[in-house]
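The values are calculated or read from the model by the stated rules, or taken from the named source; none is laboratory data. All of these numbers come straight from a predicted model, not from anything done at the bench. Glycine gets a Cβ as well: all are built from the backbone with ideal geometry, and neighbour counts include every protein chain shown. The area values use the complete protein model at the heavy-atom level, side chains included, leaving out ligands, DNA and RNA. Shrake-Rupley method; radii C 1.70, N 1.55, O 1.52, S 1.80 Å.
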Amino acid sequence: MTRSVCTTLCLVALVLIVAVAFGAEKYAIQPIRISSNVPVKVTIAGEQTVKSPMYLTSAGEWKKLAVDKKGDTVSFSQPQDALASTVILLNKPDWLQLPDADAPVVDAVSVGGKALEVAAQVKLGNVPDTPKSIFVTLTDAKNPIATSRVRVSIDGQEPSAFGGEVKLSPSKDGKHLDISVTPGKLKDAKHIVLISASDTSPSFNSMLLEIAFSTAPLLLNGNFEQADSKGGPLHWTHSTW
């Protein structure tokens, strides 16, 4: 897809046009983001589907956009009430609900098969072993959750780095998503699992869940079997009375 911008701009004008397609194949949109301090006319060449075109005003309202489609080109002007930044949807799917400013929410969290209280930060404290599973359910009241934008990390790395994996199970309407994480084999230390996701809307409404736990022993060298260079118990100090 090629784009051309046709307008007369003052020297301080900034025109930024970004088109991004995201979401699963069934639930995908292509928002066009425009930043300019003066009205611009945009012409897009190439086969374009135009259906219920809309734009976002500076006040945060979605309105119908006037579009001129001739042959294989589509032209539109940035409305006055959409300065200095706006989002354009040339093809608004029937399933997309606007406005939408709410991120997906965590419906349920379970670690090692045990259900936990839902919170933005779940702190498990010290656990004897690495949890065999982490299960999270997300829901969105208005729009589908973009499975392509789900990110899961353990200590800043993908679970696969530890021999783990992530499985996503979306509902038919895309508004419910089960995330199953197998952490793999982790070292005896403190660990942080981060799970982020966005809905399939032009606002990229996002959520972040943090799950923290430690597999490190409460007492280092608790059986006194490890010794330092002087023969004393490692990680321990001793004195005489």
Between Leu168 and Asp68, Cβ-based FRET efficiency (R0 41 Å, step 0.05) works out to 0.50
At Asp94 and Lys187, where each label point lies 7 Å from the Cα along Cα→Cβ, what is the point-to-point distance in nanometres? 5.5 nm
Give me the number: length gained by fully extending Thr43 to Ala28, i.e. 0.36 nm times residue separation minus the C-alpha to C-alpha distance, one decimal in nm. 3.2 nm
Keeping the other protein chains in place, figure out the carbon and sulfur percent of the accessible area of the range 108-192, with a 1.4 Å probe. 51 percent
Between Glu210 and Arg149, how many nm apart are label points set 7 Å from Cα along the C-beta direction? 2.2 nm
Binned at 5 Å from zero, the C-alpha pair distances of the range 123-174 give percents of 4, 12, 24, 21, 17, 12, 7, 2, 0
Of the cross-linked pairs Lys63/Lys172; Lys51/Lys167; Lys92/Lys172, which ones have a Cα-Cα span greater than 26 Å in the structure shown? Lys63/Lys172; Lys51/Lys167
Compactness of the range 80-191, expressed as Rg and Dmax over alpha-carbon positions, Å: 17.9, 61
Starting from 0.36 nm per residue, how many nanometres of slack lie between Ser85 and Ser110 once their C-alpha separation is accounted for? 4.9 nm
